[in-house]
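Accompanying notes for the structure given below.
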Amino acid sequence: MEKMVLGLQTLLQKALGKLPSRSRGILATCVYGLGAGLAAVAFQLGINWVYQMGLVRLSKGTSATFFVGSFVLIVGSSLVVGWLLSSFCREAAGSGIPQLKLAFWKDFGFVPWRVVWVKFVAGILSIGGGSSLGREGPSVQLAGALGSNLAALAGEPKQARHSPAAAGAAGGLAAAFNTPLAATTFVLEEIIGDLNSRLLGAVLLASVIGAFVVHAAIGKQPSFTLTGVEAPSWAGYALTPVVAAVASVVGVYFQRLSLGLRGRMRKPTRLPRMAIPAIGAVVTWGLGSLVFWKTGHLGVFSLGYDDLSSALAGDLGWQIAGLLLVTKFVATFTCYGFGGCGGIFSPTLFFGGMTGVLIAGLVGLECHVSRADTLTLAVVGMSACLGAVVFAPVTGILIVFEMTHEFALVPALMLGALVSQAISRKMNRENFYDALLAQEGHRLEHVRPPRDLESWQLLQVSAITNFNPVVARDLSPVTVAALLKDHPYRQFPVVTDGKPTGILTRKEAEAARAQIRPPMPVQITTCTRNRTVRELQAMLVESETQIVLIVAEESGALIGLVTLHDLIRAETAMAQNARTED
C-alpha cells in the first residue's frame, strides 16, 4: 500500500511538474475541488443510508421494536464514535470547522490524514445513527483535510497548504448544501476572515466544482423545495424583525449552553472518554422517542430535514413545531456538549425554521397570517439563527436563498440578518467557532500574521505565546517518567511554587533515569508578556534552549513560553502573506 501511494505521488508530481506554474495551480485547485466534492457527497450518502436503514426502517415497525432498536442504534453508534475519537483523533470531534480554521492559520493549512478517515467514519455513524447534529460542518473539515493531503501527494510542503485547505473546505460545503455562493462567502468570511483574500479564485473554482459533483451524483435540485412562494404581506414584513430577534436569542443560548456543557466535560471525569458521547445519545433517544410516540415525527433525531421540509411546505402545525424546537434544542446542545461528532449548521437552521412557524402560528390565533407570510418567517428564522451563531450574515442570507432558490425571500432575509447581527453581537462577544477555540486556549489573533514587518516587530510577545505549556512541577522519578511518556516535547519548564527555576531537557532526563541520579535543569531565559517580538528575537538566539519563558511582571510566575519554532512559524506565515499580496 505504501509503495502504491509513493508511486502515485511520484507520477502526479512529474505530471504537474511539466505544466506552467499558473496552469499547475489551476489544475491542482480543480483536483482539490473534485476530491472535496466526492468526499462530501459520499459522506452525505453514507449518513442517509445509515439513517434510512436504521431509524426510518425501525419507525415502520412496532413501538417496542422502535424504542429498543433505536436505543441500541444511537447508543451503540455513539460508543463506537467515542472510541474512534478518543483512540485515534480527538480533533475530529464536533463540527471540525474551528479545528480547520486553526490549522489554516497556525499550521499553514496542514491537516493530518487521520482527520480525514476518522471524521468520515465517525460522522456517518454519529449523524446517521441518530445523534442530533449536522453534516455540513464535518463536510467542511473532511474536505479541507482531504485538500491538504491531496496537496501532499502533489508535492506541496507542509508550510504551503493554505490554498488547498481553503479550496477543499469550499468544495465540501458547496457539495454538502448544494450552495456554491454560500460556500465561497463562508470560507472567506469565517475561515480566512477576508472577503478580498488572494485565495478568492481558488475558493470560487473549488466551490463550483463541488456543486457540479453534487449535481452529477444527486441532482441539481435545492435542499428544500418550496411551492407557491409569494412575496410576504406587510404583516409578514412587520413580523420579520420579531422572528429574527427570537431566532437569534435561540441561537445565542444554544451557543452558551453547548460550549458551557462542553467546557465542564473537559474536566477530569470517572467515565471513560469513549463513553461520554453516549450520554448525549441517551438524552436524544429519550426526547426523540417521546416526540415520535406522541406525534410520529423523527425530527429530533439526526438532521431533522424531513420535518423541516414539512414545515416549509406548510404541513406542520405550530404546536408540533414548538415541541420539535424545544426537544431538538436540548438534544443538540447535549450531543455537542458531550463531545459528539457533528456540526451545528443543520440544527440552527432547524431551530430557526421552527421558531418562524411557531411565531406565525401564535400570531395566527389572533389575526390572519397567510401561508406566504408563514413561509417567509420560517426561512427568516433559519437565516437569523444560523447568522447569530456563526457571525456570518452574508453566508446566512445566501445559504438559505440557494437552498430554496426563491429570490422573493431575499428582502426579508436581509432585514432578518440586520436584526440577527445586532442582537447576537450584543449578547455574545465571539461566534461559536472562535469561542470554542478560546475555550481550548487558542486565540486566532495570536496566530494570524500581521501584514508588514514593522507591525510584526512591534507586536507584543503575548501574540505568539503558548499559554498552556507542559511543565514539570517537581523532578521526582515518577513525575519525570510521566512527562517523558505522555508528551513528545524535547524540553520542559521546571516550576516551583508557580515560578520557573530551569528547563529540563529530554536528553538530560533520560540520562538521569539511566544513571539513577537527579536531573540537572538548564538555566532559563525569561521576559514579560508586554515585550516586543524584536526584543524576543535576540533573547531566543542567545538562549541555550531556544526557549523564552514568559513570566508575570510583578510575581514572576510562569504564564507561558515561546520557542524558536513558534517565532519562525509566525514569521514564515507573515512573509508568505506579504509575498502573495504583492
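The values are calculated or read from the model by the stated rules, or taken from the named source; none is laboratory data. The model shown is predicted, which means the values in this text are computed figures rather than measured ones. Here Cβ is always computed from backbone atoms with ideal geometry, including for glycine, and neighbour counts include all displayed protein chains.
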VAL80 touching a residue at least 60 places away in the same chain (Cβ under 8 Å) and part of a helix (DSSP H, G or I): no
Matching residues in segment 364-378 - criterion: being closer than 16 Å to ALA247 by Cα and either at pLDDT 90 or above or hydroxyl-bearing (Ser, Thr, Tyr) (or both): THR374, THR376, LEU377, ALA378
Residue among ARG270, ARG256 that alone is assigned to a helix (DSSP H, G or I), over 25 Å from ILE320 (Cβ atoms) and outside the structural domain of LEU55 (by TED's automatic domain parsing): ARG256
Given (1) more than 18 Å from GLN255 (Cβ to Cβ); (2) modelled with pLDDT under 85, number of the condition GLU440 does not satisfy: (1)
Within segment 543-558, considering residues that are within 17 Å of VAL495 (Cβ to Cβ) and under 35 Å from the mean Cα position of the chain (by Cα), the one surrounded by the most Cβ atoms within 10 Å (Cβ to Cβ): VAL548
Selected residue (only one of LEU308, LEU303 is in a helix (DSSP H, G or I) and either under 19 Å from SER126 (Cβ atoms) or hydrophobic (A, V, I, L, M, F, W, C) (or both)): LEU308
Meets criteria (charged (D, E, K, R) and surrounded by fewer than 16 Cβ atoms within 10 Å (Cβ to Cβ)) for ARG266: yes
ALA167, sole failed condition from (1) without any contact (Cβ under 8 Å) to a residue 60 or more places away in the chain; (2) more than 28 Å from PHE338 (Cα to Cα): (1)
Test for GLY46: is it more than 16 Å from the chain's Cα centre (by Cα), closer than 14 Å to ILE127 by Cα and in the same structural domain as GLU190 (by TED's automatic domain parsing): yes
Close pairs from segment 503-529: first more than 14 Å from ALA472 (Cβ to Cβ), partner surrounded by fewer than 18 Cβ atoms within 10 Å (Cβ to Cβ) and among the basic types (Lys, Arg), Cβ under 9 Å, at least 6 apart: LYS507/ARG490; ALA511/ARG517
Among (1) over 22 Å from ALA103 (Cα atoms); (2) over 24 Å from the mean Cα position of the chain (by Cα); (3) modelled with pLDDT of 85 or more - the single one VAL470 does not satisfy: (1)
Options LEU561, LEU540; residue that is buried (at least 18 other Cβ atoms within 10 Å of the Cβ), over 17 Å from LEU504 (Cβ atoms) and assigned by TED's automatic domain parsing to the domain that holds PRO469: LEU540
Residue in segment 134-146 that is assigned to a helix (DSSP H, G or I) and β-branched (Val, Ile, Thr) present: yes
Unique residue being over 22 Å from GLN141 (Cα atoms) and either part of a loop (DSSP other than H, G, I, E, B) or touching a Ser or Thr at 6+ places or on another chain (Cβ under 7 Å) (or both) when the list is VAL326, VAL410, VAL357: VAL357
Check on GLU156, closer than 30 Å to GLY286 by Cβ and of a type in the set (D, E, K, R): no
Top-ranked residue of segment 311-323 - restricted to ones that are assigned to a loop (DSSP other than H, G, I, E, B) and among the aliphatic types (A, V, I, L, M), ranked as surrounded by the fewest Cβ atoms within 10 Å (Cβ to Cβ): ALA313
Per-region count, segment 238-260, residues buried (at least 17 other Cβ atoms within 10 Å of the Cβ) and either closer than 15 Å to GLY94 by Cα or modelled with pLDDT under 90 (or both): 5
Residue in segment 60-76 that is on the phi < 0 side of the Ramachandran plot, of a type in the set (Lys, Arg), part of a helix (DSSP H, G or I) and not assigned by TED's automatic domain parsing to the domain that holds GLY340 present: no
Qualifying residue in segment 384-391 (condition: surrounded by fewer than 24 Cβ atoms within 10 Å (Cβ to Cβ), under 27 Å from the mean Cα position of the chain (by Cα) and not assigned by TED's automatic domain parsing to the domain that holds ASN466): yes
Single match in SER455, SER420, SER424 (criterion: part of a helix (DSSP H, G or I), at pLDDT below 80 and either out of contact with any helix residue (DSSP H, G or I) (no Cβ under 6 Å at 6 or more places or on another chain) or not acidic (Asp, Glu) (or both)): SER455
Condition met for SER63 (over 20 Å from GLY172 (Cβ atoms), of a type outside the set (A, V, I, L, M) and either surrounded by 22 or more Cβ atoms within 10 Å (Cβ to Cβ) or more than 19 Å from the chain's Cα centre (by Cα) (or both)): yes
Segment 458-469, subset polar (S, T, N, Q) and part of a loop (DSSP other than H, G, I, E, B), residue surrounded by the most Cβ atoms within 10 Å (Cβ to Cβ): THR465
Any pair with Cβ under 9 angstrom, 6 or more apart, that starts in segment 275-291 at a residue that is without any contact (Cβ under 8 Å) to a residue 12 or more places away in the chain and ends at one that is crowded, with 24+ Cβ neighbours inside 10 Å: GLY286/ALA331
Residue that is surrounded by the most Cβ atoms within 10 Å (Cβ to Cβ) [pool: residues in segment 114-133 that are part of a loop (DSSP other than H, G, I, E, B) and on the phi < 0 side of the Ramachandran plot]: SER132
